[in-house]
Amino acid sequence: MKSAGYGSPVEWHQDWAFYPHTNDDVLATGIYLDDCDMDNGPLLVVPGSHRGPTYDHHADGRFCGALNPANCDIDLGKAVPLMGPAGSMTIHHARLVHGSALNTSNRQRRLLLHEYTAADAWPLMGVANFDDFNDRMVLGEPSVEPRIVAAPVRMPLPAADHQGSIYENQRAAGQRFFETFAETADAR
């Protein structure tokens, strides 16, 4: 949720950094519950970045859930906003680099997110409850044989000092791209 005139930015990141699996057939869907335009902090994505590396999402040796753009060979100038009226749907791969700026509008921007994995993609951090894991399956058959495919992985460990939501994790990020971005835009 991004409140009107305030809603915090979500720094550049890859969802994959939070929950790597045995294979990367993992995606996220988003449904805009409100109209979304450039002023209320749309999702910004870097097309094709899901085919590249998994970037470091650590600061001071601890997971922070944000990449430092200064340490990455990614052209954030190629990012495109995903905008649309309420009810619009976004779909992105878990390794896609994405983020969103501050909501500067007088309208809220709510987004309903769901993550989906292939039935044979098992989380590398483990399965706490096997029955619960299988009960969440939308389609496919439960299996005790995860499919293992080489994919660039960095584990989200050691945990963030402020482990919790993405906003709490990103409190430890050294480089704040969207704060710098907003200051630069204000100066123009």
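The values are calculated or read from the model by the stated rules, or taken from the named source; none is laboratory data. Given the structure is predicted, the values throughout are model-derived calculations rather than measurements. All Cβ positions, glycine included, derive from the backbone under ideal geometry; neighbour counts span all protein chains shown. Calculation scope for accessible area: heavy atoms of the full protein, side chains included, ligands and nucleic acids excluded. Shrake-Rupley method; radii C 1.70, N 1.55, O 1.52, S 1.80 Å.
Observations on the model:
- Residues considered: Asn40, Asn106, Asn68. Largest GNM mean-square fluctuation over the chain, using C-alpha springs under 10 Å, is found at Asn106.
- Cα lying deepest toward the dipole's positive end in segment 1-119, options Gln14, His50, Ser88, charges on Cβ: Ser88
- Magnitude of the charge dipole, the chain, Cβ model with Lys/Arg +1 and Asp/Glu -1, debye to 20: 360
- Surface calculation, 1.4 Å probe, protein heavy atoms: Phe133 sits at approximately 50 Å² accessible.
- Accessible area per residue in Å² at 1.4 Å probe, computed on segment 27-120: 48
- Charge tally in the Cβ shell below 10 Å around Leu111, where Lys, Arg are +1 and Asp, Glu are -1, Leu111 excluded: +2
- For segment 20-28, 3J(HN,Hα) computed residue by residue from phi via the Karplus equation (6.51, -1.76, 1.60; θ = phi - 60°) reads x, 10, 6, 8, 9, 7, 9, 9, 10 Hz, glycine and proline entered as x.
- Highest-MSF residue in the chain out of Ala101, Ala118, Ala17 [GNM, Cα springs under 10 Å]: Ala118
- Of the whole protein surface, His114 contributes about 80 Å² of accessible area at a 1.4 Å probe radius.
- Carbon-plus-sulfur accessible fraction, segment 41-173 (probe radius 1.4 Å, protein heavy atoms only): 53%.
- Estimated [θ] at 222 nm from DSSP helical runs (n ≥ 4, -39500 (n - 2.57)) normalised by residues in the chain, nearest 500: -3000 deg cm²/dmol
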